[in-house]
Amino acid sequence: MEFGRVAEDELNNIDFSLPAEPVFNKSILSGAIAKDTRVYVGCAKWGRTEWVGKIYPPKTKEKDFLEHYVHHYNSIELNATHYKIYGEEGIKKWAAKAAEEDFKFCPKMYKGVTHFGSLKGKSFITDEFLKGVLAFGQQLGPIFIQVSETFSPKRKEELFDFIQSLPTDLQFFLEVRHPDWFAQQNILDELLNVLKSINMGIVITDTAGRRDCAHMNLTVPKAFIRYVGNSLHPSDYTRCDAWIKRMKHWLDNGLQELYFFMHMHDEATSPELTVYLVEKMNKELGLNLIKPTFIPPPPPKGGTLELF
């Protein structure tokens, strides 16, 4: 993910602290631990060739990446669906590879709906997108709607009309990026209240160059976090520590579902940071999440040296 990327030499000068808990969240969370809370951790895509020999067996072919991915993570923020509308048959093949797991696919809405032209008049293409992703069945997690960085509050009525037209029996989360959504509290409050009224979540994106997008607001008792690391820079770990504390507060106060998606500007090192995150989540949040398992390096050529 390139959104919010800054030069490495700037990272030490950024205040990565998370904002204080918004008062608005008290209207969303019950204040008591929810029953049967579900927690999911994943990445944006499974097709990373850099993971072959790391968490995927050596020589794994790309067509087989997903069947290995599901043994390391229990969800995927599925960006593939942002670039192409997939039919039911293709979706069912993906779902079949995770059929034995407690796994959720969280597809990103097709860019032809969200990023080109107006949101008006998009009912047909939206229906085609939804028809495909519904084939995930019980493995369908929240559907993630992102509007572009240029989509400002000046187009709020267009946005509100669109999201209010979507099916109410599916869980959606919305990500807005234009700075003006966050610059004035009354504009943000209006967005939050509209989302709350239609039971739609709001995405929280934690990235170095856009701290306003790490806003900490909840509009449903569920969280969808997009965390963007910086190739195992020391701040990646302290930021994860801060997120552990915030997630614990939410879970202790009634959060019902939590989705945490690990991103990197260089995705090669996402598994390493995921291991750190999940180990701390399991320890401090009392969870039992799976985590990436690394393949041992091959023995040195020439055999091992025995000492007597």
Checklist entry - Residues in the range 3-31 that are part of a helix (DSSP H, G or I) and charged (D, E, K, R): how many? => result 4
Checklist outcome for this item: Checked the range 28-69 for anything farther than 23 Å from PRO298 by Cα, charged (D, E, K, R) and more than 22 Å from the chain's Cα centre (by Cα); matches are LYS35, LYS63
Checklist entry - When only residues in the range 107-134 that are part of a loop (DSSP other than H, G, I, E, B) and under 16 Å from LEU174 (Cα atoms) count, which is farthest from the chain's Cα centre (by Cα)? => result LEU119
Checklist entry - Among the residues of the range 1-27, how many are under 19 Å from the mean Cα position of the chain (by Cα) and of a type in the set (Ser, Thr, Tyr)? => result 0
Next on the checklist: For the range 205-220, give me each residue that is in a strand (DSSP E or B) and touching a Phe, Trp or Tyr at 6+ places or on another chain (Cβ under 7 Å).
Outcome noted: ASP206
Item to check | Pair list, Cβ < 6 Å and 6+ apart or interchain, from the range 255-275 residues that are closer than 13 Å to THR207 by Cα to residues that are part of a strand (DSSP E or B) and among the aliphatic types (A, V, I, L, M) | outcome: HIS263/VAL228
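Each row is one residue, and each column tells you yes or no for (1) under 14 Å from ILE145 (Cβ atoms); (2) of a type in the set (Asp, Glu); (3) part of a loop (DSSP other than H, G, I, E, B).
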residue: ASP161; (1), (2), (3): yes, yes, no
residue: PHE173; (1), (2), (3): yes, no, no
residue: ARG177; (1), (2), (3): yes, no, yes
residue: ILE187; (1), (2), (3): no, no, no
residue: LEU192; (1), (2), (3): no, no, no
residue: LYS196; (1), (2), (3): no, no, no
Checklist entry - Does the range 233-243 hold any residues that are out of contact with any Leu (no Cβ under 6 Å at 6 or more places or on another chain) and surrounded by 16 or more Cβ atoms within 10 Å (Cβ to Cβ), and which are they? => result ARG239, TRP243
Checklist entry - Restricting the search to the range 244-266, which residues are buried (at least 20 other Cβ atoms within 10 Å of the Cβ) and of a type in the set (Asp, Glu)? => result GLU257
Next on the checklist: Tell me the residue from ALA34, ALA99 that is within 20 Å of PRO142 (Cα to Cα), of a type in the set (Gly, Ala, Ser), outside any strand (DSSP E or B) and in contact with a Gly (Cβ under 6 Å, 6 or more places away or on another chain), please.
Outcome noted: ALA34
Checklist entry - Residue check, PHE261 against (1) modelled with pLDDT of 95 or more; (2) farther than 14 Å from TYR73 by Cα; (3) touching a strand residue (DSSP E or B) at 6+ places or on another chain (Cβ under 6 Å); (4) not small (Gly, Ala, Ser), all met but one. Which one? => result (2)
Checklist entry - Between residues in the range 55-75 that are assigned to a loop (DSSP other than H, G, I, E, B) and residues that are acidic (Asp, Glu), which pairs lie under 8 Å by C-beta distance while being six or more apart or on different chains? => result VAL70/GLU101; HIS71/GLU101; ASN74/GLU101; ASN74/ASP102
Next on the checklist: For a quick check of your reading of the model, give me the residue pairs whose first member lies in the range 235-254 and is under 21 Å from GLY209 (Cα atoms) and at pLDDT 95 or above, whose second is among the polar types (S, T, N, Q) and surrounded by fewer than 17 Cβ atoms within 10 Å (Cβ to Cβ), with beta-carbon atoms closer than 8 Å and at least 6 apart or on different chains.
Outcome noted: SER235/ASN12; ALA242/SER17
Checklist entry - Just wondering, is there one or more residues in the range 176-198 that are under 24 Å from ASP102 (Cα atoms), crowded, with 20+ Cβ neighbours inside 10 Å and touching a helix residue (DSSP H, G or I) at 6+ places or on another chain (Cβ under 9 Å)? => result no
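The values are calculated or read from the model by the stated rules, or taken from the named source; none is laboratory data. Quick caveat, the model's predicted, so the values are computed rather than measured. Virtual Cβ from ideal backbone geometry, glycine too; neighbours counted across all protein chains shown.
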